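The values are calculated or read from the model by the stated rules, or taken from the named source; none is laboratory data. None of the values given here were measured: they were computed from a predicted structure. Here Cβ is always computed from backbone atoms with ideal geometry, including for glycine, and neighbour counts include all displayed protein chains. The protein model used for the area step is the full one, side chains on, heavy atoms only, and it has no ligands, DNA or RNA in it. Shrake-Rupley method; radii C 1.70, N 1.55, O 1.52, S 1.80 Å.
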Amino acid sequence: MRKKVGKKKMLVNPNHKLVMTIVKKGRAKNVVKATKKAGAEGGTVLLGKGVGIHENKRFLGIPVEYEKEIVLSLVQNHLITQVVEAIQNEVRIEEPGKGLGLVIDLKMVLGICHLPTEEPSVAQKEDIISMPKQEMEYDLIVSIVNKGDSSKVVDASKRAGAEGGTIISGRGTGIHEQAKFLNIQIEPEKEIVLTLIDRKQTNTVLQAILEEAKLNKPGNGIAFVLDVDRTVGINHILNKKVNDESGN
């Protein structure tokens, strides 16, 4: 008699958030060290490029693209506040030009079965609730386009109200890309553009990216939006808003 084999249960751990920190090249190791000391288990470092509002965009008339490091840290909910504070203290991310930090909510997490999946304690929940509420709400627009098209995304988003973007290189093949060379499938190079935007402007910026990068045509790329729970390092935007509202 054949023994019935039950379905293997998928281990899902929902009690985490993603902390994304964007800093100048060479600072990522400091971020990882600080987050680990605060309770995170480590981080993944990606290389990218981009220009922010506080960085000179030209040198001797030549456009400059600053190298960036993007640190992705998976953090348990009750540790978010102390991890963010550790990043602030280590790289002074709230000072202009130092970088940017984002906290993104996650619906589902796989591959961390060594961590507990039970609900956090009452004390931990109170720590989560105590996270300071922001005056402005933000979205993160992630655009994945063919290599060479990232400038179209950045330029279009800036014209629509964004302040810049961070570009990461990658590769991938979609259903509309079947390129082969000597019968070997080629994976086209991609560029991923991260654009942080005031939630009120998200639709306007998305429409601008759609039109400029022609994302409504097959094979040109995709864009999607992530909710951002918290940001660090963009105080100049809040200051501008306060000044505008006060009439200064």
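Assorted remarks:
- One decimal place: the segment GLN207-ARG92 gains 38.0 nm when fully extended, by the rule 0.36 nm per residue minus the C-alpha distance.
- Nearest-10 value in Å² for the accessible area of ASP229, using the 1.4 Å probe: 60
- Computed with every protein chain present, the accessible area of LYS29 is close to 150 Å² [probe 1.4 Å].
- Pairs from LYS37/LYS98; LYS68/LYS152; LYS36/LYS190 whose Cα-Cα separation, in the structure shown, is over 24 Å: LYS36/LYS190
- Accessible-area order (highest first, 1.4 angstrom probe) of the listed residues SER150, SER169: SER169, SER150
- ILE168 sits with roughly 20 Å² accessible to a 1.4 Å probe, with DNA, RNA and ligands left out of the calculation.
- Charges were assigned to the Cβ only: +1 to each Lys and Arg, -1 to each Asp and Glu. The resulting dipole of region 67-107 about its Cα centre is roughly 120 debye.
- List TYR66, TYR138, ordered by accessible area with a 1.4 Å probe, largest first: TYR66, TYR138
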